[in-house]
Amino acid sequence: MPSPRDDVLATPVQFVKGVGPKKAELFKRLGVETLLDLLYHLPREHVDWTRITPIAQAAPGSVCAIRGRVVSARFSFFNRMSRLVVGLVDDSGAIEAVWFNQPWLRERLVTGTEVMISGLVRAASGRRRIVPERGKYVIREAKAGVDGVGTPPPSSGALDPDLGIVPIYPETEGLTSRMIRPVVRTALDLAAGTDLPDPIPEPIRRRYRLEPLPEALRQIHFPDSETARAEAHRRLVFEELFLLQAALAVRRRAAQRERAAHVLRVTSALDVRIRLRFPFPLTRAQERVVREIRGDLARPHPMSRLLHGDVGSGKTIVAAYALLAAVGNRRQAAIMAPTEILAEQHARTMARLLAGSKVRIVHLAGGLPAAERRDRLARIASGEADLVVGTHALIQEDVVFQHLALVVIDEQHKFGVLQRAALRRKGGTPHVLVMTATPIPRTLALTVFGDLDVSVLDELPPGRRPVRTLYRPPSREAEAYAFVRRKLNEGRQAYFVYPRIEGDEAPPEAPADGELFPRARRRGGAGDRGLRSATAMAKRLAEGPLAGFRIGLVHGAMDGAAKEAVMEDFRAGRLDVLVSTLVVEVGVDVPNATVMVVEHAERFGLAQLHQLRGRVGRGVEESTCYLFGRPETPEARRRIEVMTETADGFRIAEEDLRLRGPGEFFGTAQSGLPALRVADLVRDQRALLETRRAAFALVEKDPRLADPAHAGLKRALRERFRGRAFLAAIG
């Protein structure tokens, strides 16, 4: 048998007592390959068997732990599912416990058996029932007494060696928490005999009153008390966020040491020339951000800045200022958008701003004829193209720039880290400005974008009026169509947005009162009720309530040229109504459009709804957004409530983060950061700010983490961020 490595913490889990090759493969499914991984395979929760609720006090709707003796049991099958209902009693009362699909328990749960259960108490048919959660019950076999019935347990007795506060771990098939616990105990014993390096330097532990790592690991796995578990959890949350912030600080420091490919100075004359291109004066917020960007561009290291703000706050004008600053320095600039529609919008905006100038714009659109694409690539490579606009096509290998000085990346969360890095490499080390379509919650600005300088546009241009937002059930759609007709007759335009391109899920049912069109029959569940599609509704609207108006259809399955032709007709006023899917979510700017109708609003996320609402209200006329739907979950109802309560994109972003959680708000793969195992960005905001201050101050003093006191931090960063190139800065 191979010998374990000298480094005990790197010992393959296979060689930990009680594991072996077969179990090692199961542990590998959970991401556990070494003894160190095993120490950090943290419980997802604990069951506190020291806090037992008398059965009589186990209230329906509560989650609690009870202890009782089996007095009856009945076993049955229903719809191919087995069910074991066991009657339990203690000195205070009786309750039923129910196990599903665990028929082997019939042999163990006999009269007299002592059981401890943790689970949710429900009321059913006038009786209280508790359903044990997975792994949250303990059975002590009955011992025959004089009367032949199981003897009661001692009042302080242990039904199981694991009793106390018991960890419940992430599991996989064939590897349960009961099997994991002894292995973790062994790992803790082995680690106790080593000098376990602590990633948090001792002065920082003292300042924030954090316990040492060995004690924290022991107490998080097998806590002596709830207080001890909470302190261990606080320490490990701090550690995880501290490592994340230290990694971001290292990455930012490394970027600051890079030499910029081009130092771009904005003289007073160039500043005046740029401003003359804008149709209106900049807001105070735009002025502030422009000053920040000008300062970055004049420095000898590349800018790395995030620009975010509410819908309609003028991010595009600020980006245009930066692009023109590069072009004014006789260098190339590029803007990369996530969709062809948005890229076309940027190309159109820049062409309008630069009309009559000598700036040469090249739009590297998708689907170009081969000869036309070759011509545009040649102009980019020779430097004839001053400003290049495109989608992810800009990072393809055949796109070569002569002297790229600035890259603007719009809707940056829709591009992965590798895509952004690839575009940056096109110009050596160009300045980078990344933009997001909606505000970013502060916690995500400090994590996903934690290595960037952050600029916020928190002011709308003058003259913008808030959009009136109304939620209506489908039964009131006739009223909304009457309103739309009135606005169209006044010369305004309207959007209708649907979640599907085409097709119904079932034959239609008759329209309900107030509905003008049938909806698909309900099939399968609440999520399938009444789905309408953009294609079908464009036809129905044209033949029904909006007959006589010019209606266009645009959706993601159309090719780029067809989509752009419809969009241009709408922009030019040749269409009155645009029926669409989410392709109009961002980048479409038609000031004459004053009505947005969103069908099945419960199907969209908060950020999407806020973006859709942002397509109207872009002119001086009052605008209205109708949200139709049948929200049937608390989360869906809350999204609708938030939309009708506020138009503040910053508040909406924070609420969206609370509802969805950071994992869904931005995918981890897009951020380039590992998933958090202990910390929660919504719950642990205070710890996030503390760790950021501590980590950035430490890296400022010791950029390469060369101080021996920081050896534990350096090692932990390598382990946690293994394979991420930016950590090359620390060796």
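The values are calculated or read from the model by the stated rules, or taken from the named source; none is laboratory data. These numbers were taken from a predicted model, which means no experiment stands behind them. A quick note on method: Cβ atoms are made from the backbone with ideal geometry, for glycine too, and the neighbour counts reach across all protein chains shown.
Of everything listed in (1) under 30 Å from Glu45 (Cα atoms); (2) modelled with pLDDT of 90 or more, the single unmet condition for Gly661 is (2). When only residues in segment 212-249 that are of a type in the set (D, E, K, R) and farther than 26 Å from Arg178 by Cα count, which is surrounded by the fewest Cβ atoms within 10 Å (Cβ to Cβ)? Residue satisfying both the conditions and the ranking: Glu240.
State yes or no: is Lys563 of a type in the set (D, E, K, R), over 25 Å from the mean Cα position of the chain (by Cα) and buried (at least 20 other Cβ atoms within 10 Å of the Cβ)? Yes. If the condition is being part of a helix (DSSP H, G or I) and either among the charged types (D, E, K, R) or surrounded by fewer than 18 Cβ atoms within 10 Å (Cβ to Cβ) (or both), then segment 30-41 contributes only Asp37. Quick check on Pro300: is it part of a loop (DSSP other than H, G, I, E, B) and free of Cβ contacts under 8 Å to residues at least 12 places away in the same chain? Answer is no for this residue.
Assess whether Leu276 counts as being in the same structural domain as Thr349 (by TED's automatic domain parsing) and not aromatic (Phe, Trp, Tyr).
For Leu276, the condition - in the same structural domain as Thr349 (by TED's automatic domain parsing) and not aromatic (Phe, Trp, Tyr) - is met.
Cβ contacts < 8 Å: first residue assigned by TED's automatic domain parsing to the domain that holds Ala494, restricted to segment 558-574; second residue exposed (fewer than 13 other Cβ atoms within 10 Å of the Cβ), any location; separation 6+ or different chain. Result? Close Cβ pairs satisfying both conditions: Asp559/Gly367; Gly560/Gly367; Ala561/Gly367. Could you check, for segment 57-70, whether at least one of its residues is surrounded by 15 or more Cβ atoms within 10 Å (Cβ to Cβ), β-branched (Val, Ile, Thr) and at pLDDT 90 or above? For segment 57-70, residues surrounded by 15 or more Cβ atoms within 10 Å (Cβ to Cβ), β-branched (Val, Ile, Thr) and at pLDDT 90 or above: present. Of all residues in segment 1-29, those satisfying the criterion of being surrounded by 17 or more Cβ atoms within 10 Å (Cβ to Cβ) and in contact (Cβ under 8 Å) with a residue 24 or more places away in the chain are Val8, Leu9, Thr11, Val13, Val16, Val19, Lys23, Leu26, Phe27. Considering only residues in segment 197-211 that are surrounded by fewer than 17 Cβ atoms within 10 Å (Cβ to Cβ) and not charged (D, E, K, R), the one that is farthest from Ile139 (Cα to Cα) turns out to be Pro203. Filter segment 471-482 down to the residues that are touching a residue at least 40 places away in the same chain (Cβ under 8 Å), of a type outside the set (Gly, Ala, Ser), in contact with a Lys or Arg (Cβ under 9 Å, 6 or more places away or on another chain) and not in a loop (DSSP other than H, G, I, E, B) and list them by number. If the condition is that a residue be touching a residue at least 40 places away in the same chain (Cβ under 8 Å), of a type outside the set (Gly, Ala, Ser), in contact with a Lys or Arg (Cβ under 9 Å, 6 or more places away or on another chain) and not in a loop (DSSP other than H, G, I, E, B), then Pro474 is the only one that fits. Within segment 108-167, the set of residues being touching a strand residue (DSSP E or B) at 6+ places or on another chain (Cβ under 6 Å), modelled with pLDDT of 50 or more, within 20 Å of Gly93 (Cβ to Cβ) and assigned to a loop (DSSP other than H, G, I, E, B) comprises Leu109, Thr111, Gly112, Thr113. State which residue is surrounded by the fewest Cβ atoms within 10 Å (Cβ to Cβ) when the search covers only segment 311-351 and only residues that are of a type in the set (A, V, I, L, M) and outside any helix (DSSP H, G or I). In this case the residue turns out to be Val311. For segment 579-610, residues that are more than 17 Å from Arg638 (Cα to Cα) and in a helix (DSSP H, G or I) total 3.
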